[in-house]
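Input: a single structure, listed below in structure tokens.
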Amino acid sequence: MRYEVLLWDLDGTLTDPKEGITRSVQYSMKRLNYPIPKTDDLDWIIGPPLKDSFRILLETEDETLINDAVALYRERYREIGIFENVIYPGIPELLVRLNDNGCRNLLATSKPKVFAERILKHFSIDACFYEIMGSELDGKFVEKEALIAEVLKSVPVDLRSKTVMIGDRRFDVQGAKKNRIDVISVGYGYGTPEELRLAAPDYIIPTVKALEDMLFSELN
């Protein structure tokens, strides 16, 4: 196979978290007495670090206000929003097939690790992952470059050429390139076609089925 080590983004790549994330953002904005954005106007917040999104939504550099917004978001998200989530059809089967063929799946998400672990367990795919890596609640590893660098510490140097990052946003592409590994962008997530084109990943794959076909193409 072309790749033996696969680093996976979570939101927009393995699962569709739109309902839980957008509703939790709306909850936070309401509690802060700010205008509540419409759900369909919030696709852009799925992927980037949460503090950066609230900095834009609140139009502020006030770290106290931003931290308050994040705390309110997590107040709802940890109990309700985390499960307002849908796994993309075909993903569980793909992960199992990769494992069965000797590949190593690693999670590399900017979402806090404590939430990512619960999500993978909720969808019964946690056992498919050799390592689950996410950010810390204090913001450590929230930037994709640093996160991927940390995950790669568990990957033998001789396997780096057979390692790939799979994600749906430009942050995944940028983080992978900084760490000198290949990157696949999936077109079914939350990165727009223009965003992905400009990010210039090694591959842009439109569907889960196409991703599976690409990953296994050299088995045939």
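Only the coordinates and a few stated rules stand behind these numbers; no lab work does. Predicted model, so just to flag it, every value in this text is computed and none were measured. Cβ coordinates were reconstructed from backbone atoms using ideal geometry, including for glycine residues, and neighbour counts include every protein chain displayed.
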Determine ³J(HN,Hα), in whole Hz, for all residues of the stretch 103-116 in sequence, where each value follows from phi through the Karplus function 6.51 cos²θ - 1.76 cosθ + 1.60 and θ = phi - 60°; x replaces Gly and Pro.
7, 10, 8, 10, 8, 9, 10, 6, 5, x, 4, 4, 7, 4
If amide H atoms are modeled at 1.01 Å from N in the peptide plane, then the residues at a separation of 5 or more from M165, or on another chain, having amide H under 5 Å from its own are L7, D182, V183, I184
Where nothing but the Cβ of Lys and Arg (+1) and of Asp and Glu (-1) is charged, how large is the charge dipole of the stretch 18-83 around its Cα centre, in debye to the nearest 20?
300
Quick check: Cα centre of the stretch 153-184 to Cα centre of the stretch 13-72, how many Å?
28
Calc'd 3J(HN,Hα), the stretch 206-216, phi into Karplus 6.51 cos²θ - 1.76 cosθ + 1.60 (θ = phi - 60°), Hz, glycine/Pro = x, comes to x, 9, 4, 4, 5, 5, 4, 4, 5, 5, 9
Out of residues 5 or more away from G47 or on other chains, whose amide H comes under 5 Å of its own, with H placed 1.01 Å from N in the peptide plane?
none
Can you tell me which lysines have their Cα less than 19 Å from the Cα of K121? Leave out same-chain residues fewer than eight positions away.
K18, K111, K113
Derived scalar couplings ³J(HN,Hα) [the stretch 35-49; Karplus, 6.51 cos²θ - 1.76 cosθ + 1.60; whole Hz; x for Gly, Pro]:
x, 8, x, 5, 3, 6, 9, 10, 4, 5, 7, 7, x, x, x
Size of the dipole of the chain about the Cα centre, Lys and Arg at +1 and Asp and Glu at -1 on the beta carbon, nothing else charged, in debye to 20?
200
One checks the Cα atoms of the stretch 32-106 and finds Rg and Dmax, in Å, of 17.2, 52
What number in nm² do you get for the chain if you take the convex hull of its Cα atoms and divide its surface by four?
11.5
Near the amide H of D16, under 5 Å away, which other amide H atoms are found, from residues 5 or more places off or on another chain, if H is placed in the peptide plane?
V86, I87, Y88
